[in-house]
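We did not get these values from a lab; they are worked out from the coordinates using the rules stated. Owing to the predicted nature of the structure, the values given are computational and were not obtained by experimental measurement. In this analysis, Cβ positions are derived from the backbone assuming ideal geometry, glycine residues included, and neighbour counts consider all displayed protein chains.
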Amino acid sequence: MPRRLSVQTLAVLEVLAREPDTPRYGYELGKELGLKAGTLYPILIRLCERGFLEAFWEADPPAGRPARHLYRILGDGVRLVDEARRGFPATGRRALGGAW
């Protein structure tokens with residue numbers, strides 16, 4: 001890991017790594033982690049730009065609702081979570097509402 005990641009960034013990665021094949025949308029992640037949009041979306045954008053997540057539009061939204069932007073962790077993101085787990089003391093992992 002070139003630089004230490006924030007607790008919030010690690011929490012986002014950890015949640016997505018639990019089910020790496022399941023895409024999640026931002027609002028759902030924000031509610032689960034207790035993160036506001038102004039914190040969450042910059043994290044998601046940076047992780048996508050760095051190749052740890054992929055982002056794409058929902059293919060078949062229900063009638064009457066616009067398509068949502070979905071996020072899924074990639075292999076490099078899973079590896080980053082594994083590296084972070086090895087580098088963080090166990091006491092610091094629960095700092096964000098049990099995301100660890």
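A Förster radius of 25 Å, combined with the Cβ-Cβ distance separating ARG4 from GLU32, puts the computed FRET efficiency at roughly 0.60. Between GLU58 and TYR25, full extension at 0.36 nm per residue minus the direct alpha carbon distance yields a gain of 11.0 nm. Site pair ARG79 and ARG18 shows an inter-label distance of 2.5 nm when each label is modelled 7 Å from Cα along Cα→Cβ. Note that the stretch 43-49 has calculated 3J(HN,Hα) couplings of 5, 4, 4, 4, 5, 5, 4 Hz, one per residue in order, obtained from phi through the Karplus relation 6.51 cos²θ - 1.76 cosθ + 1.60 (θ = phi - 60°); glycine and proline are x.
Dipole magnitude for the stretch 2-82: computed about the Cα centre from +1 point charges on Lys and Arg Cβ and -1 point charges on Asp and Glu Cβ, it is near 340 debye.
Subtracting the Cα-Cα distance of CYS48 and ALA67 from 0.36 nm times their residue separation leaves 5.0 nm of extension gain.
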